[in-house]
1. Can you tell me which residue is modelled with the highest pLDDT among those in the range 127-136 that are under 25 Å from V224 (Cβ atoms) and of a type in the set (A, V, I, L, M)?
2. I need a count of the residues in the range 124-136 that are part of a loop (DSSP other than H, G, I, E, B) and open to solvent by 30 Å² or more (accessible area, probe 1.4 Å).
3. Could you tell me whether any residue of the range 13-32 is open to solvent by less than 20 Å² (accessible area, probe 1.4 Å) and within 25 Å of I211 (Cα to Cα)?
4. When the range 1-12 is examined, which residues are found to be open to solvent by less than 40 Å² (accessible area, probe 1.4 Å) and either touching a residue at least 60 places away in the same chain (Cβ under 8 Å) or of a type in the set (V, I, T) (or both)?
5. Across the range 137-176, which residue is surrounded by the most Cβ atoms within 10 Å (Cβ to Cβ) among those that are under 20 Å from T228 (Cβ atoms) and acidic (D, E)?
Amino acid sequence: MILPIDPEAPARTAIVGVVAALLSAGACVLRSAPAVRAAVFICPLFGCFAVGILGEWPPAATTILVCVLPLGCLLLAGRHAALRSTAPWLTRGSLTPEAPWLALATVVLSAAALTAWALTVRPVPAEYLRELQRLPLGLAILGVVAFALVNPVWEELLFRGVLLTELASVWGAKAAVVLQAVLFGAAHFAGFPSGVIGMIMAGAWGFVLGIMRLRSGGILISYVVHVTANAVIGTIAVLILR
């Protein structure tokens, strides 16, 4: 599921889709509630991305779709008696004493690491970033903030929501935090920053977000930190990658 969908390689996307369908069928046969809950969310998520990317939809439309449809499928599945409480991770949680300081340190260190990486590597900006740079600075930053508010919705629901919760129910909280962080890092191989360094940075960030999720007992704090960091990172990218 973390393999990037390539419009020029539809066969690979089809293979991943078939594997996901087979695993979902296996979860149903085994009657594993954690596996079924994960499949109910992840399969529609993959389908939304595949349709949006292969169909060359506007990125904004694809992002909105992946934020709404998978969660809707999960909540509908929760009406089944065997899958009750399908989204215990949707609780807001509480503000822990160390959360503000940990959140501030995460945002500052992420911004500093990204700036150092961008100034050293000087990567070619992605197309959407180039489009933002053509706008007046105020509008470009507004676009960055809008993206920062929406994109973390599905990422937090997937990594700190479904994966962390369901993996913890099977292998325990410590293993779940590590595994979701590894997957979060791998999913950002082609992100910003990219490559192995990008995977390590994103994985470390995902680990801290996972700790926040466990400590607070809810998903709100990790979402707020994710939004803030994305907004800062996006603004830095607009300013220095020219």
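1. L132
2. 5
3. No, the range 13-32 contains no residue that is open to solvent by less than 20 Å² (accessible area, probe 1.4 Å) and within 25 Å of I211 (Cα to Cα).
4. Correct list: I5 only.
5. If we take residues in the range 137-176 being under 20 Å from T228 (Cβ atoms) and acidic (D, E), then E156 is surrounded by the most Cβ atoms within 10 Å (Cβ to Cβ).
Let's see how each residue does on (1) closer than 18 Å to A173 by Cα; (2) among the aliphatic types (A, V, I, L, M); (3) surrounded by fewer than 18 Cβ atoms within 10 Å (Cβ to Cβ):
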site	(1), (2), (3)
H188	no, no, no
I197	no, yes, yes
A204	yes, yes, yes
V225	no, yes, no
N230	no, no, no
G234	no, no, no
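The values are calculated or read from the model by the stated rules, or taken from the named source; none is laboratory data. Remember, it's a predicted structure, so these values are computed and weren't measured experimentally. Cβ atoms come from the backbone with ideal geometry, glycine included; neighbour counts cover every protein chain shown. Just so you know, the surface numbers come from the protein's heavy atoms only, side chains and all, with ligands and any DNA or RNA stripped out. Shrake-Rupley method; radii C 1.70, N 1.55, O 1.52, S 1.80 Å.
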